[in-house]
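As structure tokens, the structure follows; a few thoughts come after it.
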Amino acid sequence: MLPFILKRLGLALLVAFTVSFISFSLLFLSGDPAAALAGETASGEDIEAIRRIYGFDRPMLVQYGDWLFSALRGDFGESYYFKLPVASLIAERLQVTMTLGVCGILFALLTAVPLGVVAAIRPNSLIDRVALFLSVAGQAMPSFWFGLILIVVFAIQLGLLPPSGAATWRHFIMPTIVLGYYAMPAIMRLTRAGMLDVLGSDYIRTARAKGAGETRVLFKHALRNAIIPVVSLAAVQMGFMLGGSIVVESVFALHGAGYLAWESIARNDLPTVQALILVFSMFYIVFTFLADVLNAWLDPRMRSA
Amino acid sequence: MTDATDPLSREIEGPSPRQMLKARALKHKALIFGMTVVLLLVLIALLAPVLAPHDPYEQSLMNRMVKPVFMGGTWEHPLGTDHLGRDYLSRLIYGARVSLLIGAVAALISGVIGTAMGVAAGYFGGKVDAVVTFLINVRLAMPVVLVALAVVAILGGSLTVVICVLGLLLWDRFAVVMRASTLQVRRRDYVAAAQVIGASTPRIVLTEIMPNIFNNLIVVVTLEMAHAILLEAALSFLGLGVQPPTPSWGLMVSEGKNMMLFEPWLVLIPGAVLFVLVLAINLMGDGLRDVTAPEGRS
């Protein structure tokens, strides 16, 4: 188990390192960040001054090294727009995004797993068809549009929920549904396929043959095994969702890290954008690492991979 | 010898694999539905200049936000007009061009990148495989929407930039699926046979591997095309994708959002069309998978 964890950890660190380099160098795509920062009306001297102040006149690798070592100490520089340390800005905004992400994945799991299980127990039944419809529709649903429809129906027409903001738990209901629905189809399909697979296996037949009750067979024997891949998928989806929350946060004007990303991109706030790309990537890397370790712990066969 | 009761000749007279595939495809309702809708929308996009009742860019400040015909409007503007008085139906029709073009070209670019990586990883294994798997991991760790938004913002939102950015970001699923498919095919006897007679690697890949993983490739192409279309709409909705006045469905939703309180149809119509297109492409992709790999159905 320990060699597996160490190997996997090494890989995660290497991925993190590569991602940090890419997210840093992405912002040099424009050619001259100083010119971009100074704006279109700036004179040559202004641009030159900005270049020196922000250190853009140094070689890119030196700038990257500098940035990386500061980032390792938790210092991502100062936001061009907010004039605040990027790290504290992101830390403050992450609360909203994390709340949304956790609620979203819980919503997805609590709807997708039961639906997937029932759909697998009764294939081609009405519930199976409803589950299939929900997952097919979910994969085609533009999340910004789904969010706007919910606002029109529940906030404007019915007046049940607040349309935007993050003041109370009621503000999180619609964003949770939109973000959770995005992750639901994949989880449901995997649960259903896993359950169907397991239910056809020999040890389930044995469990039934020795007279175990149906509930016991389904939950103790079948679901326990079918749920293993779902755990790692949920972790991956959680990472995707945090990255995808940018759309949902902008629809519902939730001032989380995704909204911050949108604001900073629109305002050319390079240090904030770089830091946010890195932070969202780190979440994904940490989640997938934890999922792999958890998987290896649950299923020893995975440890050789 | 050619007696009809002879078991050997009967086998030969049976339906060919192609005919069996066709029969399976025609029985698959979701596939037929998806294909019909996609073909219809492709036709609409191609014939846009003929079908659109108005110029999609022509503004008419006297005719702003005319209601659609089913909400008390007139047939002059069947789906009404937007906040600048532009005919909504015409913009929708031209918007199909934007979505389909972005979806198709982005899927093509990412398909070439991902297939090359996946097939190389699956065929050569070892270090090549390790490097490709690592690159896939790196790519998956980068948040797509965020990176795409940032790059489009830096380079400026034009159709070309959006297509290239999405094409360079969406190759991961191609690489994963093509790698797995190649790994499976690689162990088959006919690949070994080709190696034994001394066929070159490019020849083996092109004539032995590719034809046998082509079905899987087509499925991923459709699914990634849908993915690219949804992402373009999201980028345009956030104001950092295709720029106005280009008629993009995501942009239309975004422009209608401000009037959503009074004129919700401005948001509902383009979003619904987007939903139907993506749904149809996905149904087509899922259907193709069912039909071409009937043994893998669950």
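The values are calculated or read from the model by the stated rules, or taken from the named source; none is laboratory data. None of these values were measured; they are calculated from a predicted model. With ideal geometry, Cβ positions are generated from the backbone for all residues, glycine too; neighbour counts draw on all protein chains shown.
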Please determine whether any residue of region A:285-292 is modelled with pLDDT of 90 or more, closer than 21 Å to A:Leu26 by Cα and part of a helix (DSSP H, G or I).
yes
If A:Leu218 passes every condition in (1) in contact with a Pro (Cβ under 8 Å, 6 or more places away or on another chain); (2) of a type in the set (A, V, I, L, M); (3) more than 13 Å from chain B (Cβ to nearest Cβ) but one, which one does it miss?
(1)
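Regarding region B:103-117, can at least one residue be identified that is within 14 Å of chain A (Cβ to nearest Cβ), within 17 Å of the chain's Cα centre (by Cα), touching a residue at least 60 places away in the same chain (Cβ under 8 Å) and on the phi < 0 side of the Ramachandran plot? Lay out the reasoning, then the answer.
Filtering region B:103-117 down to residues within 14 Å of chain A (Cβ to nearest Cβ) leaves B:103.
Then keep just the ones that are within 17 Å of the chain's Cα centre (by Cα); that gives B:103.
Checking which are touching a residue at least 60 places away in the same chain (Cβ under 8 Å) leaves us with B:103.
Imposing the further condition that a residue be on the phi < 0 side of the Ramachandran plot reduces the set to B:103.
Yes - at least one qualifying residue is present in region B:103-117.
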Filter region B:61-70 down to the residues that are in a helix (DSSP H, G or I) and under 33 Å from the mean Cα position of the chain (by Cα), then identify the one that is nearest to B:Thr246 (Cα to Cα).
B:Val69
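Can you go through B:Ala150, B:Ala192 and tell me which one is at pLDDT below 90 and within 24 Å of A:Met241 (Cα to Cα)?
B:Ala150
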Odd one out for B:Glu224, checked against (1) crowded, with 20+ Cβ neighbours inside 10 Å; (2) within 12 Å of another protein chain (Cβ to nearest Cβ)
(2)
Scan B:Leu89, B:Leu84 and give me the residue that is over 22 Å from B:Thr222 (Cβ atoms) and assigned to a loop (DSSP other than H, G, I, E, B).
B:Leu84
Checking the condition part of a helix (DSSP H, G or I), within 19 Å of B:Leu240 (Cα to Cα), out of contact with any Leu (no Cβ under 6 Å at 6 or more places or on another chain) and among the aliphatic types (A, V, I, L, M), which residue from A:Val279, A:Val273 passes?
A:Val273
I'd like to know if region A:55-64 contains one or more residues that are modelled with pLDDT under 80 and within 14 Å of chain B (Cβ to nearest Cβ).
no
Every residue in region B:158-183 that is in a helix (DSSP H, G or I), of a type outside the set (A, V, I, L, M, F, W, C), in contact (Cβ under 8 Å) with a residue 12 or more places away in the chain and more than 21 Å from A:Gly243 (Cα to Cα), please.
B:Arg179, B:Ser181, B:Thr182
Can you name the number of the only condition in (1) over 22 Å from A:Leu14 (Cβ atoms); (2) touching a Ser or Thr at 6+ places or on another chain (Cβ under 7 Å); (3) assigned to a helix (DSSP H, G or I) that A:Ala253 fails?
(3)
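If you take just the helices (runs of 4 or more DSSP H) that sit entirely in region A:126-224, which of them hold at least 2 residues that are within 25 Å of B:Ala228 (Cβ to Cβ)? Can you show your working first?
Numbers: elements: A:126-140, A:143-150, A:173-199, A:202-209.
Because the criterion is at least 2 residues that are within 25 Å of B:Ala228 (Cβ to Cβ), the helices (runs of 4 or more DSSP H) in region A:126-224 that meet it are A:126-140, A:143-150, A:173-199.
Rundown of residues vs (1) within 19 Å of the chain's Cα centre (by Cα); (2) within 14 Å of chain A (Cβ to nearest Cβ); (3) within 20 Å of A:Phe252 (Cα to Cα), yes/no style:
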| position | (1), (2), (3) |
| --- | --- |
| B:Gly198 | no, no, no |
| B:Asn212 | no, no, no |
| B:Ala234 | yes, yes, yes |
| B:Met259 | no, yes, yes |
| B:Phe262 | no, yes, yes |
| B:Arg289 | yes, yes, no |
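With the condition kept exactly as written, say whether any residue in region B:166-176 is more than 18 Å from B:Glu224 (Cα to Cα) and not basic (Lys, Arg).
For region B:166-176, residues more than 18 Å from B:Glu224 (Cα to Cα) and not basic (Lys, Arg): absent.
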Determine if region B:119-136 includes at least one residue that is away from every other protein chain (no Cβ under 14 Å), assigned to a helix (DSSP H, G or I), over 17 Å from B:Leu169 (Cβ atoms) and under 23 Å from the mean Cα position of the chain (by Cα).
yes
Scan region B:153-168 for residues that are buried (at least 21 other Cβ atoms within 10 Å of the Cβ), under 22 Å from B:Leu140 (Cβ atoms) and within 13 Å of chain A (Cβ to nearest Cβ) and jot them down.
B:Val165
So, A:Tyr203, is that one under 20 Å from A:Thr111 (Cα atoms) and not hydrophobic (A, V, I, L, M, F, W, C) or not?
no
Please specify each residue of region B:236-257 satisfying the condition of being facing another protein chain (nearest Cβ under 9 Å), assigned to a loop (DSSP other than H, G, I, E, B) and either farther than 15 Å from B:Thr160 by Cα or acidic (Asp, Glu) (or both).
B:Leu238, B:Gly239
Determine the pairs where a residue that is closer than 17 Å to A:Ala266 by Cβ, located within region A:78-101, has a partner that is part of a loop (DSSP other than H, G, I, E, B) and among the small types (Gly, Ala, Ser) with Cβ atoms under 9 Å apart, the partner being 6 or more residues away or on another chain.
A:Val86/A:Gly77; A:Val86/A:Ser79; A:Leu89/A:Ser79; A:Arg93/A:Gly256
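Test A:Val247 against the criterion of being at pLDDT 85 or above, within 14 Å of chain B (Cβ to nearest Cβ), out of contact with any Leu (no Cβ under 6 Å at 6 or more places or on another chain) and under 23 Å from B:Leu170 (Cβ atoms), and give yes or no. Spell out how you get there, then give the answer.
Numbers: at pLDDT 85 or above: yes; within 14 Å of chain B (Cβ to nearest Cβ): yes; out of contact with any Leu (no Cβ under 6 Å at 6 or more places or on another chain): yes; under 23 Å from B:Leu170 (Cβ atoms): yes.
When the stated conditions are applied, A:Val247 passes them.
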Please pick out the residue among B:Gly198, B:Gly157, B:Gly256 that is closer than 28 Å to A:Ala275 by Cα and either touching a strand residue (DSSP E or B) at 6+ places or on another chain (Cβ under 6 Å) or modelled with pLDDT under 90 (or both).
B:Gly157
Residue list for region B:137-157, filter: within 14 Å of B:Phe237 (Cα to Cα) and either outside any helix (DSSP H, G or I) or in contact with a Phe, Trp or Tyr (Cβ under 9 Å, 6 or more places away or on another chain) (or both)
B:Leu146, B:Leu149, B:Gly157
May I ask you to list pairs of residues, at least six apart or on different chains, whose Cβ atoms are under 6 Å apart, with the first in region A:166-195 being surrounded by fewer than 20 Cβ atoms within 10 Å (Cβ to Cβ) and the second being of a type in the set (Ser, Thr, Tyr)?
A:Ala193/B:Ser298
List pairs: first residue in region A:254-268 and surrounded by fewer than 24 Cβ atoms within 10 Å (Cβ to Cβ), second residue among the small types (Gly, Ala, Ser) and assigned to a helix (DSSP H, G or I) anywhere in the structure, Cβ distance under 8 angstrom, at least six positions apart or on different chains.
A:Tyr259/A:Ser250; A:Trp262/A:Ser250; A:Ala266/B:Ala153; A:Asn268/A:Ala36; A:Asn268/B:Ala153
